[in-house]
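Input: a single structure, listed below in structure tokens.
The values are calculated or read from the model by the stated rules, or taken from the named source; none is laboratory data. Because the structure is a prediction, the values reported are computed rather than measured. Note that we place each Cβ from the backbone using ideal geometry, even for glycine, and neighbour counts take in every protein chain shown.
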Amino acid sequence: MDQMISALGQPGHALLIDCHPTLETRLVPLPQGITVVIMDTTKRRELKGSNYNERRESCELAAKQLGVKLLCDLNLTDFMAQRGSIKSGMVFKRALHVIGENDRTLKAAQALTAGDTVICGHLMSQSHTSLRDDFEVSCPELDAMVQAAQSHAACLGARMTGAGFGGCAVALVANDGLRDFMQTVSNKYYQVTRLEPNLYACQASAGVTVEAL
């Protein structure tokens, strides 16, 4: 995904990627008046010993029990109708996150296309809840950062991003409250964790290009 957005990104747009089976992409317009804020917890991500492989193995087991090659072959409605096929509550939670995240991603693309940043923000926050409670790849520092962001009036939604267990979160923020958001969230996060965060206000830009000499 990182390589594709680096190559295919366009100003003012997100990129919807179908990771299986086609790698088809679609540009999704970002509404005016919002900024994407990357929030570095400065908590180093450590996947070693984090049970990351257990998450993958649980998803593979869920797919096998559901009779599909990959979890993305099921939509949320079909998954819930077949939930009895999964024998473990933990495996169910892992699969619920993955299939629910696919559903939230598609709904977020629809919301952005319609210019509805409120719904998109809600979906982002729901995503963090699922990552924290169902997939269990968050950590206290990420939760503190997301909570600080979500408590600010200018924040439309926030969630951890990446593999989890440390690293960064991302927030969708209204431009008219951006300056106060950056300062307030930094202060709140520090008060909870005693870590100095790094916040970056970002706008979508073009991907990598090659210029002739």
Which of the residues that make up region 110-128 are closer than 16 Å to Thr25 by Cα and surrounded by fewer than 19 Cβ atoms within 10 Å (Cβ to Cβ)?
Gln110, Thr113
Would it be correct to say that Gly157 is within 30 Å of Arg44 (Cβ to Cβ) and either in contact (Cβ under 8 Å) with a residue 40 or more places away in the chain or in a loop (DSSP other than H, G, I, E, B) (or both)?
no
Members of region 145-199 found to be of a type in the set (Phe, Trp, Tyr) and touching a Cys at 6+ places or on another chain (Cβ under 9 Å), listed by number:
Phe165, Phe181
If you check Arg55 against the conditions, is it under 18 Å from the mean Cα position of the chain (by Cα) and either modelled with pLDDT of 95 or more or farther than 30 Å from Val192 by Cα (or both)?
no
Might you check whether a residue that is more than 29 Å from Arg179 (Cα to Cα), touching a Gly at 6+ places or on another chain (Cβ under 8 Å) and not assigned by TED's automatic domain parsing to the domain that holds Glu196 occurs anywhere in region 8-23?
yes
Only one residue in Phe92, Phe79 is assigned to a helix (DSSP H, G or I), surrounded by fewer than 20 Cβ atoms within 10 Å (Cβ to Cβ), more than 12 Å from the chain's Cα centre (by Cα) and of a type in the set (Phe, Trp, Tyr). Which one?
Phe92
Please verify whether Ala62 is surrounded by 15 or more Cβ atoms within 10 Å (Cβ to Cβ) and of a type outside the set (Asp, Glu), treating the condition exactly as stated.
yes
Name the residue, out of Ala204, Ala144, that is of a type in the set (A, V, I, L, M, F, W, C) and either outside any helix (DSSP H, G or I) or closer than 23 Å to Asn102 by Cβ (or both).
Ala204
The listed residue being in contact with a Phe, Trp or Tyr (Cβ under 6 Å, 6 or more places away or on another chain) and either aliphatic (A, V, I, L, M) or over 17 Å from Val192 (Cβ atoms) (or both), out of Met145, Met160, Met124:
Met145
Filter result (loosely packed, with under 12 Cβ neighbours inside 10 Å and either touching a residue at least 60 places away in the same chain (Cβ under 8 Å) or of a type in the set (Val, Ile, Thr) (or both)) within region 1-55:
Ser6, Pro11, Thr22, Gly33, Arg44
